[in-house]
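Derivation of every value follows stated rules applied to the coordinates shown; laboratory data play no part. Predicted model, so just to flag it, every value in this text is computed and none were measured. We place every Cβ from the backbone using ideal geometry, glycine too, and count neighbours over all the protein chains shown.
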Amino acid sequence: MKNTIIHLLMALIALVPGFASAEGKPNVVLIYIDDLGYGDLGTYGTPDIPTPHIDQLAAEGVQCNTSYITNPPCCPSRCALIMGQYGQRFGKYGMSRGLPIPEDRPSLARFLSDNGYVTGQIGKWDIGSRLQGPLQVGFQEVAKKAPQKVYTDKEIEKMKPAVRKAFGGKKRNSKYFCINEDGETVWLTDYDGDMMVDFIDRHQEKPFFLYWSPEAVHSINVEAPEALMERTTAPKNRRALAGAIVSVDDQVGKLMKALEEKGLRENTLVIFSSDNGANNSEGGSSAPYTGGKGSGTHKEGWVRVPTIFSMPGVLPEGQPYDGMIANFDFYSTIASIAGLEIPEHCDGVNLVPFLTGEEEGDAHQYLFWHNSEPGDAERRHMLAARWKDWRLFRKYAEDEWQLYDLKKDPREENNVAAQNPEVVQHLAKKHEEWAEALPPVAEIPEMEGDKERSGSGYGWATAP
Ligand SMILES: [Ca+2]
């Protein structure tokens, strides 16, 4: 009943002209982890990595158990996220780094900025062309990159062999340690968490949109300090990754504490997700599914990620949602919760009625994959479709379709295409119809000029 009233209010608010510029709109924090696997969080069943704050977020929100990245990996995933549509809609059929995101339709940051939000970005970008930095596509503030720690000869001497192998040769710049303003060496993820708190602190009076995408937990995690790793019971092959995940969880705790202390918890939508599936090379887990980054990019674990939505009072607490969603739904859901009309270009839907249980079933009846950019790594080529419990897959258009029943066979060990020709035919036709409406693969343009950066240093770079 409470939710119905809130929806009614939101619908009414959306009809009031000029509301877009009004204060009092909900804040949004979007957390997008790099390479975090479906089976790498406590609330998703991992036994060896304690993630109490993320688990708490799920307990105070909706844990989505069938959440997809239709455009893996990093770069295309982030482009689809920020544009609220399949990457193929703007010709992005694979990694294609350097391909611009469209500017004839608003990015999520531009959209919220145009509607009265203060927009801020922290961490990894990897979106659009070299000239499309975050400040160019709608973010008003970007956390400057703190200088990386550079290892000295003396430090290299004392390093564990794995760390020395990565950072003791030509490359001496640390990936995960930076130098803070006081000259101290700090864990980058932790530094990012402090920047989140700083952003919220400065903008607590306004509606804000904060996008944090840490470098974590992307390889290489060998620098993870013992103090983080010893909090886990992870085996050796995933101990460093586990340490990195524990630190991500710490920052979620830091964020939630800041929101609570400022009385913003109820009026803030927090979304937590990952840009693609598990970091297999460092022991990441897709359990109960298989696959992930590297050799497993043909399987479910490469595209199925953990996703949590939390907004007490608007969304249920501790109620999972099993229907199919994709990362491009975040845009439309944020727009809806902000009382704004979803822009026409969006492929996503407003997930609120699905997350509340008002509407049953999948938010998307079908989801599709068409990763066929000729320049992309062969292992990542994928044509696929999801419908009900079925996953249809083939690598190239000339291959035979494979069909898996993910409910009976989550590990995708039994291709049941021959036993279910009608399902194959139906899904293949759906895929074909969807693909027919897409523009061709776009060429990456050559671009003059320096790559857009927010600059290194401390504090925030702001839009010109
Ligand atoms: Ca990634």
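All conditions but one from (1) buried (at least 19 other Cβ atoms within 10 Å of the Cβ); (2) touching a strand residue (DSSP E or B) at 6+ places or on another chain (Cβ under 8 Å); (3) within 22 Å of SER332 (Cβ to Cβ) apply to ASN65; the one that does not is (1). You will find that of ALA216, ALA278, ALA244, ALA227, the residue that is small (Gly, Ala, Ser) and away from the ligand (no atom under 16 Å from the Cβ) is ALA227 and no other.
Taking the condition touching a residue at least 12 places away in the same chain (Cβ under 8 Å), of a type in the set (Gly, Ala, Ser) and within 24 Å of ASP376 (Cα to Cα), does ALA80 pass? Show your work before the answer.
On the way: touching a residue at least 12 places away in the same chain (Cβ under 8 Å): yes; of a type in the set (Gly, Ala, Ser): yes; within 24 Å of ASP376 (Cα to Cα): yes.
Yes: the conditions hold for ALA80.
The residue pairs whose first member lies in region 27-46 and is within 14 Å of TRP212 (Cα to Cα) and free of Cβ contacts under 8 Å to residues at least 60 places away in the same chain, whose second member is away from the ligand (no atom under 13 Å from the Cβ) and not in a strand (DSSP E or B), and whose beta carbons are closer than 7 Å, counting only pairs six or more residues apart or on different chains, do not exist in this structure. When GLU412 is tested against the conditions (1) part of a helix (DSSP H, G or I); (2) in contact with a strand residue (DSSP E or B) (Cβ under 7 Å, 6 or more places away or on another chain), the lone failure is (1). Within the option set ARG239, ARG202, ARG164, being basic (Lys, Arg) and under 29 Å from GLY120 (Cβ atoms) holds for one residue only, ARG202.
Could you list, in sequence order, all residues of region 439-463 that are in contact with a strand residue (DSSP E or B) (Cβ under 7 Å, 6 or more places away or on another chain) and part of a loop (DSSP other than H, G, I, E, B)?
Within region 439-463, the subset in contact with a strand residue (DSSP E or B) (Cβ under 7 Å, 6 or more places away or on another chain) is 454-456, 460-462.
Within region 439-463, SER454, GLY455 qualify.
GLY263 meets all of the listed conditions (1) farther than 29 Å from ALA335 by Cβ; (2) out of contact with any strand residue (DSSP E or B) (no Cβ under 6 Å at 6 or more places or on another chain); (3) more than 16 Å from the ligand (Cβ to nearest atom) but one, namely (1). Among the residues making up region 50-95, those that are among the hydroxyl-bearing types (Ser, Thr, Tyr) and either within 15 Å of the ligand (Cβ to nearest atom) or more than 30 Å from GLU448 (Cβ to Cβ) (or both) are THR51, THR66, SER67, TYR68, THR70, SER77. Among the residues examined, GLY301 does not qualify as crowded, with 24+ Cβ neighbours inside 10 Å, within 16 Å of the ligand (Cβ to nearest atom) and part of a loop (DSSP other than H, G, I, E, B).
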